[in-house]
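Some notes on the structure that comes next.
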Ligand SMILES: [Fe+2]
């Protein structure tokens, strides 16, 4: 769960970083750099969306396993 939280957080840091780089590249007329950063930004957004869509299922799996571990520890 901590790994998933860290990954989701990190993807959003990358999204913000590429958004800043695109703005900076555009402001100094570096169209090719902006284009590459936009391509990377789309990949980061896709990964963030994938992680977000899997958060509920991973949470459910974690809780199920934690409960099973707790039950076996009581025996
Ligand atoms: Fe990423």
Is there a residue in segment 60-74 that is assigned to a helix (DSSP H, G or I) and within 13 Å of the ligand (Cβ to nearest atom)? no
Got a number for residues in segment 28-46 being surrounded by 11 or more Cβ atoms within 10 Å (Cβ to Cβ) and either touching a residue at least 12 places away in the same chain (Cβ under 8 Å) or at positive phi (or both)? 8
Matching residues in segment 13-27 (surrounded by fewer than 14 Cβ atoms within 10 Å (Cβ to Cβ) and within 13 Å of the ligand (Cβ to nearest atom)) number 2
Lone qualifier among 7, 53 - being modelled with pLDDT of 95 or more, part of a helix (DSSP H, G or I) and either within 11 Å of the ligand (Cβ to nearest atom) or surrounded by 15 or more Cβ atoms within 10 Å (Cβ to Cβ) (or both): 7
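The values are calculated or read from the model by the stated rules, or taken from the named source; none is laboratory data. Computed from a prediction, not measured in an experiment: that's the story for all the values here. Here Cβ is always computed from backbone atoms with ideal geometry, including for glycine, and neighbour counts include all displayed protein chains.
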